[in-house]
Amino acid sequence: MIARINPLTFYRKAKEGMLTSFALSSSSAAMPTNMRVCTDKLGISPKICSFSIPLGATINMDGVCIYLSVIGMFLARAYGVTVTFSGIMTAAITIILLSLGAPGVPGSALVCLSVVLRSINVPVEAIGLIIAVNPIMDMFDTMNNTTGDMAAALIVAKKENLLDEQVYRS
């Protein structure tokens, strides 16, 4: 909507990068595929892709933020821990800082989750409740992160007139 282009076309063309991210559960490992999808299928200038995709793989962790927030509150509830407003604010700041520094490798969210749990006074061993489903959730988190990277690159390319709209529409 921001770039005034069809989002359905974006998802159809970005499908390969999204599936690669999903299968690998790693933003860093999916980076070459996402850069190729951006330039060859979406028509984004390599100038934009070569900066925004690696930057996004490093600091854009939207999926991890959602994961840490939801799972942190779920585990607090499961352990009967009352999370106060100050605890929520502490968790929010912690999650934001962790999302900037979390590595783009599979399983890194579990390490980050242990930090969040300590910030809201939940025992770290609570991770054992979700460790079995974590790999599946990690796939969706990573796909969310890399899709956001490609969308941001597309929006910047459109705003900077570095988008080949003929390639995008074809």
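The values are calculated or read from the model by the stated rules, or taken from the named source; none is laboratory data. Quick caveat: nothing in here was measured; it's all calculated off a predicted structure. Cβ sites come from the backbone with ideal geometry, for glycine too, and all protein chains shown count toward neighbours.
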### Task
Kindly indicate whether I127 is at pLDDT 90 or above, within 20 Å of the chain's Cα centre (by Cα) and over 19 Å from P32 (Cα atoms).
no
### Query
Residues R36, R4: which one is on the phi > 0 side of the Ramachandran plot, surrounded by fewer than 20 Cβ atoms within 10 Å (Cβ to Cβ) and out of contact with any strand residue (DSSP E or B) (no Cβ under 7 Å at 6 or more places or on another chain)?
R4
### Summary
Of the residues in region 156-169, those that are surrounded by fewer than 17 Cβ atoms within 10 Å (Cβ to Cβ) and either of a type in the set (A, V, I, L, M, F, W, C) or outside any helix (DSSP H, G or I) (or both) number 5
### Query
Quick one: how many residues across region 84-97 are outside any helix (DSSP H, G or I) and over 17 Å from M73 (Cα atoms)?
0
### Query
Looking at (1) farther than 25 Å from V156 by Cα; (2) touching a Pro at 6+ places or on another chain (Cβ under 9 Å); (3) in a helix (DSSP H, G or I); (4) not small (G, A, S), can you tell me which one I136 breaks?
(2)
### Message
Being closer than 17 Å to F140 by Cα, outside any helix (DSSP H, G or I) and at pLDDT below 85 is the requirement here; does G63 meet it?
### Response
no
### Message
So, in region 70-87, how many residues would count as being more than 21 Å from the chain's Cα centre (by Cα), of a type in the set (A, V, I, L, M) and under 23 Å from D141 (Cβ atoms)?
### Response
4
### Query
Does L100 satisfy the criteria of being among the hydrophobic types (A, V, I, L, M, F, W, C), surrounded by fewer than 16 Cβ atoms within 10 Å (Cβ to Cβ) and in a helix (DSSP H, G or I)?
yes
#### Entry: Selection within region 101-124 - among the hydrophobic types (A, V, I, L, M, F, W, C) and either closer than 22 Å to V83 by Cβ or at pLDDT 90 or above (or both)
A102, A109, L110, V111, C112, L113, V115, V116, L117, I120, V122, V124
### Message
So, N145, is that one surrounded by 12 or more Cβ atoms within 10 Å (Cβ to Cβ) and either at pLDDT 90 or above or under 18 Å from C49 (Cβ atoms) (or both) or not?
### Response
yes
